[in-house]
Structure formats: C-alpha cells, structure tokens
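Novice: What follows is a structure written as structure tokens; I'll ask about it next.
A short reminder: the numbers here are calculations on the coordinates, not readings from a lab. On a predicted model such as this, the values are computed, not experimentally measured, just so you know. Here the Cβ positions follow ideal geometry from the backbone for every residue, glycine too, while neighbour counts run over all protein chains shown.
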Amino acid sequence: MKLQDLVLKNRIVSKIRKNITWKLFLVTAFVFTLFITSTLIFQSVFFGKFYISQKKRHLENKIQKFALEYNKSKYENSIIDLMKNFEEDNNSKIVIMGQNGKIKFITNSYDKGYDAIRVKIINDIIMEWSSSSNILSTMEQNNKPITIITDTRINGTKNILSAVPDNKKNEIIFAITSLQPVNEASAVIKEFYVYFYIGAMVIIIVLSLIYTNMVSKPLVKINSTAKKMAGLDFSEKCSINSNDEIGNLACTLNFLSDNLDSALTSLKKVNKKLEVDIERERRLERTRKDFVNAVSHELKTPINLIEGYAEGIKDNVFESENKDYYIDIIIDESKKMGDLVADMLNLSHLESGIFKITREEFFIDRLIQPILKKFLVIIKNKNIILETKILQDIKVYADWNMIEQVITNFLTNAIRYTTENGHIIVLTTKIDKKIIVSVENSGINIPEDQIDKVWNNFYRIDKSRNRKLGGTGLGLAIVKNILTLHGYKYGIKNTNIGVKFYFEMDTIY
C-alpha cells in the first residue's frame, strides 16, 4: 500500500472515530446487516428440515383423519371415493393393507406409471417391515402412526411415507407423497432471499441514514450551541422540539445559556460600573493632586511676600516713608489669600453634589445693570471702552445670586485680560425662547487646543502664572459648575477682536 493511501485511510478512520454521525450509521448498519444475514443463514440451514417436519406432521394428521372417515364408511364405492378425494387433496397415494399383509384397497389413477412406482415403494416397505423387523406388530400394538422418508427416489426426489394402524378393522393405511414441493419451495426461497437480501441491504442503508440523522442531527446542533457557549456566545439557541431526552437536554442547555448570559451581562455591568468608579477615583486623585499643587503655588507667593515684608517692618529695615506702602502690600496679599480660600470653599461647595440652587423669576437686565455700574470705575481707570446692548424686560427663572456671580466672573475676567484702550462688549440676544448673555473683550485669541481647558481649576493661558493679571484662577471653574447646575449651555469663542464668553437661559413670557 502506498504511503498516500495509508495516510488517506488513517484520516478517514480518524474522522469516523470523531464523528458521531458516522459511528451511529456504521453501528446501525452493522446491527441490521448482522440480523438479516443471520436470519438468512438460519433459514437456509433449517428451512428444509423444518418444512419436512411440518410436511410429515401434516401427512400424519391427514391420514389419521382419513382413518376415522374410513371406519365410518361401509360400502366399497364410498371408500374408493374417500381415497380418491384424499389423494387429490394431498397430492399423495393411499393404500390399505388387509390382515393377510396384502393390499386390500387401491385406487386407479390417470398417471398409472407414476402411481405404480409409488405403490411399488409401499409394497417394498411392507415386505421389508414384515420380513426384517417387527415394526408392523409394534405399530399395531401401540396404535401409533409411523412416518418415514423413503430412500427410493422418483425422478430423483425422495418421498414421505406415513403408516397408520386401524385396530378396529385390523388393517394398516399407508400414504405416500413426494418431497418435490419441499425442494421446489427451498429453491424458490433461496432465490427469493438473494433479491430480498439485496433489497434489505438498500433499505438498511436508507433506514440507517434516516435513524442516524434523527439521532445525530440534534446532538450535532447541541454540540454546536455548546461550543458557542464555551466561547461566551449565547446568541444561538437549540431549536429541538421533541419530548425525549435529547429535547430535554436542549431545553436544559437553552436554560443554562440564558442564565449564563444574564449572569455575564450583570457581571459586565458591574465591571463597567466598577471601571467607571475606578476611573472617577483616579480622576479625583489627579484632581486633588493638581488642586493641592495649584493651591500651594498660589499661596506660596503671598505668604512669602507677607512674611518678608513683615520681618522687614519688624527689623526696621524700611524707611518710615515706605513703611505704609509695604503694610498695604501685606494687606493686599492677605486679601488675595482670603479671596482664594473663599473661591476654593465656594468651588468645593458647588462640586460636592449636595448644593441646591434657589430659583426665582427676575428680569435679567435688572441683574446686569448694577454689575456694570460696580465695575465702571475700574473700566474707566484702564481706559477700556465699554459697549452694552441689554434687552429690557426679559424675564428668566434662575438663582439670582449664582447668575450674578457668573456675570461678575465673566466681566472681571474680561477686564483682567483687556489692555488699556481696549474694548469690552456686553450683549443680551434673544433667539426663540432663549436669551444669550455674552461678554466679549479685545485681546489675544486663545489657542484652539486650549479653549476647553480654560474651565479647569487654576488654569491660565499664562503658564508662568503672572500675578500682574490678578485673580485666583478659579473664577471660570465656578462659572462652569453654576451653569451646569442650572442646566444651561455655555461656551467660549475666539472672535475678530479677541475672546467671547457666553451662556444661554430660558425665558419666561
């Protein structure tokens, strides 16, 4: 055998061993084939013997019944008719032997040659039994029939001979019939079985395939679903609608799939929530670190200034005419530290999640005008041109104090970053049911990649944190939290002259 053929054979054998469909098919086909083959062999071996045994018993029963009818007949003609009827019905020849051992009754037949041979066989057996054995006397004494198969053949076929004693008339009735029907039946059955065997093999293969498909198909489906479940894919279900063990297994597998899917879904949700919580904690930790670093940086300068000037005053380092100036610096830095602490407390309160805003109805112009008046002196001192366009009698529903702080922070931020002879534009614009409050100042645009960062704590575009501009660095972060609590949209845009801050509010009619 070539190596390629051997490898191919091994692959086929391995596939059959691993495939339940092929296993079931081969086992089923083998069992049915074994059963049919065994049946055919059994019938071929034992059918002839069984048929002969039945034939002998049948002939015995018939001749015994004939003996009963014969004993009832009193006339010779009726006896002859009875014998003829028996011979026609049983395809046999009947002879009645009298007391002297000679034939008493015998019928004539159309086929006298064939009939004569059968009569001769009977005579030969009578002579054999009379001369060489005590079979006849024993049979008469026991009153039991004897049935034998003769050795003498007619046209190559043996015969069955049955002898029944009639003790009432002291006679013996002999009947002989050919075994040719038995041989013919055996031959016909053997030929029939050849075709039957071929047909049975075809039916066995078809039925094996059907049976194998019925059993293996749901098992293959269950196995496919189980494999997907092993890969955490619970989308496929076993659609097997049967009330047997396989159907129950499919239902159990579907139930298990649903439970696992539900459990994993819940676990994923918990894990996702846990990841969000962990990420929030990380952000909070980073925020705390940044906050501490920023606060430390913001407080470091005023503390150093206060400490240095206070020590200089104590040691009389400064001249008397400059002492008041340095005391004013100490007071100013102390005020800045106080403002920073106040803003940090305010921001912490807003970010705590427990702060509640107190809404009320008011006209937005009556809130903005006093704020503008408060800053007019500072604006004038920096030679800033203030342009305003405030719509009148626009009612809103918000927290007065919080919105006042938002506009104040926008305005102080604009003043801080507007150079002398610059512009500040304060506008209110109504669009549909919204009113937009904006504060625009002239100056340098904010880089696009830093626009969203201006709302962060202590964020300054000036990386050196130049204190000349003033402020705590928390104003816009406070604004963001206030507007978020109100649910208002807000933003920042670069304009042709500088930067615009804005927010939207819902109006009330």
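Novice: Which cross-chain or sequence-distant (5 or more) residues have an amide H under 5 Å from the amide H of residue 179, H modelled 1.01 Å from N in plane?
Specialist: So residue 179 has HN proximity to 158, 159, 160.
Novice: Set the Förster distance to 45 Å, then compute FRET efficiency between residue 75 and residue 190 from the Cβ-Cβ distance, nearest 0.05.
Specialist: It comes to 0.40.
Novice: How many percent of the alpha carbon pairs in segment 356-508 exceed a separation of 25 Å?
Specialist: 26
Novice: Order these by the 10 Å Cβ neighbour count, fewest first: 38, 131.
Specialist: Least to most surrounded, the residues fall as 131, 38.
Novice: Given labels modelled 7 Å from the Cα in the Cβ direction, how far is it in nm from residue 157 to residue 314?
Specialist: 14.9
Novice: Here is a follow-up. With a cap of 15 neighbouring Cβ atoms within 10 Å, and only residues DSSP puts in a loop, list the trypsin sites (Lys or Arg not before Pro) found in segment 50-87.
Specialist: Values: sites: 55, 56, 57, 62, 65, 72, 74, 84; in loops: 74.
Passing sites in segment 50-87 are 74.
Novice: Between residue 249 and residue 303, how many nm apart are label points set 7 Å from Cα along the C-beta direction?
Specialist: Here the modelled spin labels are 7.6 nm apart.
Novice: Can you list the residues of segment 192-233 with backbone N under 13 Å from a point 7 Å past the Cα of residue 47, pointing along Cα to Cβ?
Specialist: 192-198
Novice: In nm, to one decimal, how far is the modelled label at residue 382 from the one at residue 34, with both set 7 Å along Cα→Cβ?
Specialist: Placing both labels 7 Å along Cα→Cβ, they lie 10.4 nm apart.
Novice: For the residues 400, 455, what sequence is obtained by ranking on other C-beta atoms within 10 Å, fewest first?
Specialist: Listing 400, 455 from fewest to most nearby Cβ atoms yields 400, 455.
Novice: Let me ask something else. Quick one: order 386, 264, 474 by neighbouring beta-carbon count within 10 Å, fewest to most.
Specialist: Values: 386 17, 264 13, 474 24.
Fewest-to-most ranking of 386, 264, 474: 264, 386, 474.
Novice: Follow-up. So if R0 is 56 Å, what FRET efficiency would residue 325 and residue 448 give, r being the distance between their Cβ atoms, rounded to the nearest 0.05?
Specialist: 0.85
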